[in-house]
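Worksheet for the structure shown next.
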Amino acid sequence: MKNLIPADDLLSNNKVECAIDEVTEINRSEHIIATGNGTMFKYGKLILATGSNPVVPPIPGIEKKNIFAIKKDVAYLQDLIGKLDKVNDLCIVECGFIGVEIAEECRRRRPELNISIVEMLSHCLQLVYDEEFCMNAEKVLKEQNINLLLDEKVDAFLGGDTVEKVRLSSGKEIKADMLIIGIGTAANIGLAEKADLEIGPTKGIQVNRYMQTSDNDIFACGDCAEKVSFFYGKPSNLKMASISTMEARIAGANLFSIRRVNMGVIGVYSTVLGGNAFAAAGLTSSQAIAKGYSVITGESEAVNRHPGCMPGGANLKVRLVFEAGTGIILGGQITGATSAGELINAVSACINKRMTADDIATFQTGTHPALTASPISYQLVNAAENAIGSIYIYIYIYIGETEKYYI
Ligand SMILES: Cc1cc2nc3c(=O)[nH]c(=O)nc-3n(C[C@H](O)[C@H](O)[C@H](O)COP(=O)(O)OP(=O)(O)OC[C@H]3O[C@@H](n4cnc5c(N)ncnc54)[C@H](O)[C@@H]3O)c2cc1C
């Protein structure tokens with residue numbers, strides 16, 4: 001079997017001993033963990049990073065054959081791929097990042113396969129993009145002959161032993177001899193519960209800002225740990241590798257003395273559909289408005305080379321969302337050239353540092369004809385600059401109304 005991301009050398013080169021075994025028990029008073037093979041390990045400090053498992057919804061018929069969740073289990077996924085090669089009608093449940101990526105991979109593998117995606121929201125990728133960006137992604141999927149069933153919920157899986165059809169909330173029935181469900185993951189907290197550690201409101205292992213659990217000698221990080229939003233400090237369901245690695249660096253640094261603080265999760269996404277990158281960080285306009293923010297946005301679109309006829313030139317569009325009163329950035333969305341995957345990380349850094357539209361419009365950007373847009377059309381800076389106009393309009397209207405009120 002191919003090890004696609006080998007980490008063993010990285011660990012041994014850094015003098016980290018690795019035991020392949022399952023931890024079955026934590027004895028907190030003795031500071032000992034026990035494994036399935038019967039080995040005991042003494043610990044001074046312990047970090048739990050037990051990850052998450054896919055959510056399998058209790059929909060009638062879920063027990064039928066050929067219904068898969070996305071488990072991080074190579075044998076299970078190989079079985080899924082084997083079955084995929086034999087079916088005619090694939091249905092994917094959810095049209096978020098996982099759903100759209102699976103649909104595109106399956107289309108690449110089986111150009112003739114009928115593929116449908118069922119999504120209960122009005123648009124695909126709606127949890128991370130504003131409408132216009134979602135519609136661009138939908139266009140790319142439709143061009144690949146992927147059938148989108150939006151505003152629909154799965155009511156039941158129909159058939160004999162093996163699934164044959166899906167019944168939707170509208171009453172419509174669609175043919176499906178294979179289902180892939182990607183509706184989210186639940187923190188793997190069994191071990192922590194057994195050890196009587198506190199569990200948080202979204203059913204993750206409760207941690208403080210230093211990644212300590214309710215036991216000061218036990219830390220937790222990654223998908224298994226409870227999260228709070230960077231923006232409003234309330235519990236968050238986000239579970240991502242970007243968050244897990246950030247939390248791991250904080251937990252590791254804080255083991256013996258507190259050095260780093262977790263300021264909450266932002267949510268940074270990127271994917272490629274039909275050769276176009278779709279990337280996002282933080283809040284969309286609609287999410288921010290729903291949370292009570294007044295928002296203004298700025299957009300900028302340009303070729304990512306100068307002149308645009310340089311090799312590798314492709315369009316790149318940036319949309320930034322700011323809190324109207326302070327001008328502090330809340331989120332960003334980028335689509336087009338694959339450099340979006342790197343640029344969105346710059347947007348995430350801006351969010352993390354609570355930069356304002358003025359800060360972003362005036363920061364110094366390195367440019368090169370073969371690598372970036374020109375200095376005068378650099379999309380990140382220009383999107384901020386374009387938003388600034390709206391900020392002043394917003395302040396003007398606000399003052400205008402206040403004056404009217406006092407008159
Ligand atoms: C299809 C898919 C695509 C994704 N794409 C992205 C993406 O593009 N970008 C992104 O940021 N995130 C992505 N994610 C999310 C990302 O994979 C997770 O957030 C990340 O893997 C979490 O890392 P983790 O180390 O916390 O947990 P995991 O990666 O789940 O690792 C947990 C590990 O702990 C082990 N373990 C559990 N219990 C025990 C025990 N008792 N004893 C010993 N070992 C144990 C497990 O076997 C596992 O190896 C994706 C997820 C899926 C399913």
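The values are calculated or read from the model by the stated rules, or taken from the named source; none is laboratory data. All values reported here derive from a predicted model rather than from experimental measurement. Cβ placement follows ideal geometry from the backbone for every residue including glycine, while neighbour counts extend to all protein chains displayed. Note: areas computed on protein heavy atoms with side chains; ligands, DNA, RNA excluded. Shrake-Rupley method; radii C 1.70, N 1.55, O 1.52, S 1.80 Å.
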Inset, instruction - Would you kindly give the portion of the calculated P(r) for region 67-183 that falls above 17 Å, as a percent of all Cα pairs? - result: 53 percent
Inset, instruction - Have a look at the DSSP beta bridges in the chain and tell me what percent are antiparallel, nearest 5. - result: 70 percent
Inset, instruction - Note down the net charge around Cys18, summing +1 for each Lys or Arg and -1 for each Asp or Glu among other residues with Cβ under 12 Å from its Cβ. - result: -3
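Considering only region 78-173, what is the antiparallel percent among its DSSP beta bridges, to the nearest 5?
40 percent
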Inset, instruction - Heavy atoms only, probe 1.4 Å: what % of the accessible area of the chain goes to carbon and sulfur, would you let me know? - result: 54 percent
Inset, instruction - Specify the inter-centroid distance of region 191-232 and region 353-378, based on alpha-carbon positions, in whole Å. - result: 38 Å
Inset, instruction - Before rounding to the nearest 500, sum -39500 (n - 2.57) across all DSSP H runs of length at least 4 in the chain and divide by the residue total; then give [θ] at 222 nm in deg cm²/dmol. - result: -8500 deg cm²/dmol
Legend entry - Along the chain, longest interval not containing exposed GluC sites (Glu not before Pro), exposed being DSSP loop plus at most 12 other Cβ atoms within 10 Å: 113-407
Legend entry - Part-to-part distance (alpha-carbon centres) for region 55-81 and region 240-298, which is given in Å: 29 Å
Inset, instruction - Go through Thr50, Thr213 and list them by solvent-accessible area, largest first, probe radius 1.4 Å. - result: Thr50, Thr213
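Near Thr284, within a Cβ-to-Cβ distance under 12 Å, what is the net charge of the other residues, with Lys and Arg +1 and Asp and Glu -1?
Net charge around Thr284: -1.
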Inset, instruction - Using Cβ-Cβ distances only, list the Cys residues of the chain with no partner cysteine under 4.7 Å, sorted by number. - result: Cys18, Cys91, Cys106, Cys134, Cys221, Cys224, Cys309, Cys350
Inset, instruction - Put one equal scatterer on each alpha carbon of region 268-404, apply the Debye formula with no solvent term, and list log10 I(q)/I(0) at q = 0.09, 0.17 1/Å to two decimals. - result: -0.27, -0.86
Legend entry - Normalised per residue, the volume of the convex hull around the Cα set of region 1-114 (Å³): 188 Å³
Inset, instruction - For region 100-254, give the share of DSSP beta bridges that are antiparallel, in percent and rounded to the nearest 5; count only bridges with both residues there. - result: 70 percent
Inset, instruction - Could you pull out the trypsin sites (Lys or Arg not before Pro) across region 154-247 that fall in loop regions by DSSP (anything but H, G, I, E, B) with no more than 16 other Cβ atoms inside 10 Å? - result: Lys172, Lys203, Arg209
Legend entry - Distance cut-off 26 Å, percentage of C-alpha pairs in the chain lying past it: 63 percent
Inset, instruction - Compute the distance in nm between two label points, each set 7 Å from the Cα along the Cα-to-Cβ direction, one at Ala314 and one at Glu132. - result: 2.0 nm
